[in-house]
Amino acid sequence: MRPKARSVEPKTRRGFDVEAYLESTGPARKVVKYRRGEVVFSQGDAANDVRYIQKGAIKLSVLSSIGKEAVVAMLAAGDFFGEGALAGQAVRIGTATAVMASSVLVIEKDAMVGLLHEEPAFSDRFITYMLTRNIRIEADLVDQLFNSSEKRLARTLLLLARYGEANPQRKLPKISQETLAEMIGATRSRVNFFMNKFRKLGLIEYNGSLTINGSLLSIVLLD
């Protein structure tokens, strides 16, 4: 896909504007648009940049040696991915796929390293994001080990809707029950059963598009 032509530089270093940088193109960074279902990068590709989602949603998945795929994360606008390039990963360890029309900022590895060293505001933003993501990964592990598939599905839907964050997104991008099943470690039939249950209880609206109601939290909190 062709990158967006717009080029806007942030303010001088003293007043570095993180949001302006992440929403624009310039030296060592470009914006690429992806259609729904298009692969952003594939497992095994060279890892030489970091990505940032300006708009849309991205699915991260891994493929085992026997051909079994597992969804490891669903990311949305404001999320970074591909950061393994900063930790010495020579190749991508998973595949990133657009689950809806998406705009992704591609930041070259050397430029990203320079930003982290030279721009405290950007470094704080990135470190805060990574710490939050690590906390979520730990919570995901606990959820997988100790909670029922019903609770895991409810929690996953709330996370996808960014429940509890400053700008929740009640309406989710189209996501298949097969993908939800992969995310929570259950069968599609179980996911279908619980989705119908949630809909009958008024916890979600599920007619073509998926809308999450805050009352779904009651399933997560249920003893």
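Tabulated values for the structure
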{"quantity": "Output for region 180-223, where each listed residue is in contact with a helix residue (DSSP H, G or I) (Cβ under 6 Å, 6 or more places away or on another chain) and acidic (Asp, Glu)", "calculated": "none"}
{"quantity": "Residues that are touching a strand residue (DSSP E or B) at 6+ places or on another chain (Cβ under 9 Å) and either on the phi > 0 side of the Ramachandran plot or open to solvent by 20 Å² or more (accessible area, probe 1.4 Å) (or both), drawn from region 75-94", "calculated": "Ala77, Gly78, Gly82, Glu83, Leu86, Ala90, Val91, Ile93"}
{"quantity": "All positions within region 21-55 that are over 16 Å from the mean Cα position of the chain (by Cα) and among the acidic types (Asp, Glu)", "calculated": "Glu23, Asp45, Asp49"}
{"quantity": "Hey, Gln43 open to solvent by less than 40 Å² (accessible area, probe 1.4 Å) and touching a Ser or Thr at 6+ places or on another chain (Cβ under 6 Å) or not", "calculated": "no"}
{"quantity": "Number of the exception - Lys55 against (1) out of contact with any Ser or Thr (no Cβ under 9 Å at 6 or more places or on another chain); (2) under 20 Å from Ala20 (Cα atoms); (3) open to solvent by 50 Å² or more (accessible area, probe 1.4 Å)", "calculated": "(1)"}
{"quantity": "Looking only at region 105-154, and only at residues there that are among the acidic types (Asp, Glu) and without any contact (Cβ under 8 Å) to a residue 12 or more places away in the chain, the one that is least open to solvent (accessible area, probe 1.4 Å)", "calculated": "Asp140"}
{"quantity": "The one condition in (1) modelled with pLDDT of 80 or more; (2) over 17 Å from the mean Cα position of the chain (by Cα) that Leu145 fails to fulfil", "calculated": "(1)"}
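The values are calculated or read from the model by the stated rules, or taken from the named source; none is laboratory data. Fair warning: this is a prediction, and the values are worked out from it, not measured in the lab. A quick note on method: Cβ atoms are made from the backbone with ideal geometry, for glycine too, and the neighbour counts reach across all protein chains shown. Protein only, heavy atoms only, side chains kept; ligands, DNA and RNA dropped before computing areas. Shrake-Rupley method; radii C 1.70, N 1.55, O 1.52, S 1.80 Å.
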